[in-house]
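Following: one structure in structure tokens, then a few remarks.
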């Protein structure tokens, strides 16, 4: 029984390390990514009213902020170019880049 519990815990812990977001980017070496400051500056220059929080997720930058149109969103951005890939609002996708 002890081995079953240990195995279950390892499975749960390995799942926590995986991406939790709704979009995944191609794997790119982290040293090539824009910094948080660089992406924030790029978004503000593009009209974003606010960038509240940012974190890596699924190989992308996941950003929480307010768009130029005043929408509070969760966005996924290419970590190297800063290109907008997906925007979601309260779990509803409002923009997805065409592949």
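Bear in mind that the values in this text are calculations on the coordinates, not laboratory data. Quick caveat, the model's predicted, so the values are computed rather than measured. Every residue, glycine among them, receives a Cβ derived from its backbone with ideal geometry; neighbour counts consider all protein chains shown.
Would you mind classifying the stretch 22-96 by shape? Square roots of the alpha carbon gyration tensor eigenvalues, ordered a ≥ b ≥ c; an a/c under 1.5 is rounded, otherwise it is prolate if a/b is larger than b/c and oblate if not. Write out the running numbers ahead of the final one.
Numbers: a/c = 2.07, a/b = 1.26, b/c = 1.64.
Oblate, since a/c reaches 1.5 and b/c is not below a/b.
In plain terms, the residue of 76, 64, 23 with the fewest other Cβ atoms within 10 Å comes first and the most crowded comes last, giving 64, 23, 76.
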